[in-house]
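To start, the structure itself, in structure tokens.
The values are calculated or read from the model by the stated rules, or taken from the named source; none is laboratory data. Since the structure is predicted, the reported quantities are computational estimates derived from the model, not experimental observations. Cβ placement follows ideal geometry from the backbone for every residue including glycine, while neighbour counts extend to all protein chains displayed. These area figures cover heavy atoms from the full protein model, side chains too; ligands, DNA and RNA do not enter into them. Shrake-Rupley method; radii C 1.70, N 1.55, O 1.52, S 1.80 Å.
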Amino acid sequence: MFETAVQTFTSPVVLFFVLGLLAAFARSDLAIPEAIAKAMSLYLMAAIGIKGGVAVSKSGIDATVVSALGAGIAAGFLLPFFAYAVLKTFGKLDRINSGAVAAHYGSISVVTFVTAVEILTGQAREPGGYMVAVMAAMEAPAILSGLLLARGLGSSDDSQSTGEMLHEVFTNSSIVLLLGAFAIGMVGGEQGFGDVQPFFEAGFKGVLCIFLLDMGLIAARRMMDSRAITWRLTLIALFLPLVNGIVGTSLGIGIGLDAGSAAALGVLCASASYIAVPAAMRLALPEADPGIYLTMSLSITFPFNVLINIGIISAFAAYLAGTGVGP
């Protein structure tokens, strides 16, 4: 466990995130232009998608891939129910905000996943490429669960909102680019990937470092500006990723995934969306408070996952798989 923690905290991608946090807390004027941040986001999603597609084209779609997809979809749909119960009882939130926040904690964070893949690869536990497809498949089920919990889907107004919400989810730039790049990687295969491999691999780690620097700045500044988060919600934002990570990792090992892929599933379950789900909630649940669900997912859970929980999940997956806690 100690060795895994050292590897996590000495990773440049994590250290750049810490630098962003420290710079923001020190009220530095350091900032990444929005256009550059958007370009980096597109690059990272395209890179992880195409590399995942190439990996699946080499291994093929087998029972393991199908099991991982099924486990991811089931987790995405069911995890919000647990989060809702905790938020409603211990968190003292109303039904609408409990449902909105619960949707975030069943969905996924692409950046957390990309960071975890980089860290796991450095620990010689690279997840299977098919985990990119699992990641994309976990987005929508959690949103549907959150809406169901927040107000049900029975009225005609809700049906209209649900249709618009589904369109928003499935045409979201993250999902379109991830699935599109994944498909391109599968069709092109290893041979086709060779022509663009230098672009998508040589600069990947460097771009991820600068991107996480920006995320550290954003997370810390939002945390300092927020007035809607109570101590109860802060504890929940730390508790849910711990429990969800354990559940997801155990599920991955239980269906026969290797340690790296099981850890990746655990990270997906532990992560909380702060891009696609907030967009969907603004459309479908405009009465929910963004100051609550965005601050919890982006400013508390995201830093906790990057700095601490990825290392915990990696060590836990290795322990369950019987490979020890070292690489």
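Below is a table of values for the structure above.
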read-out: Residue in region 312-327 that is under 13 Å from the mean Cα position of the chain (by Cα) and open to solvent by less than 30 Å² (accessible area, probe 1.4 Å) present; value: no
read-out: Count of region 13-36 residues which are at pLDDT 85 or above and assigned to a helix (DSSP H, G or I); value: 13
read-out: Options Ala263, Ala259, Ala279: the member that is crowded, with 24+ Cβ neighbours inside 10 Å, at pLDDT below 95 and among the hydrophobic types (A, V, I, L, M, F, W, C); value: Ala259
read-out: Tally, over region 202-240, of residues that are touching a Gly at 6+ places or on another chain (Cβ under 6 Å) and of a type in the set (A, V, I, L, M, F, W, C); value: 5
read-out: Region 63-119: number of residues that are under 13 Å from the mean Cα position of the chain (by Cα) and open to solvent by less than 10 Å² (accessible area, probe 1.4 Å); value: 14
read-out: Some residue of region 140-156 being of a type in the set (Lys, Arg) and closer than 21 Å to Leu235 by Cα; value: no
read-out: Among (1) at pLDDT below 85; (2) open to solvent by less than 10 Å² (accessible area, probe 1.4 Å), the one test that Ile218 misses; value: (2)
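One line per residue, one yes/no per condition, for (1) more than 20 Å from Ala219 (Cα to Cα); (2) among the charged types (D, E, K, R):
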| site | (1), (2) |
| --- | --- |
| Gly20 | no, no |
| Glu34 | no, yes |
| Lys58 | yes, yes |
| Gly72 | yes, no |
| Leu78 | yes, no |
| Ala102 | no, no |
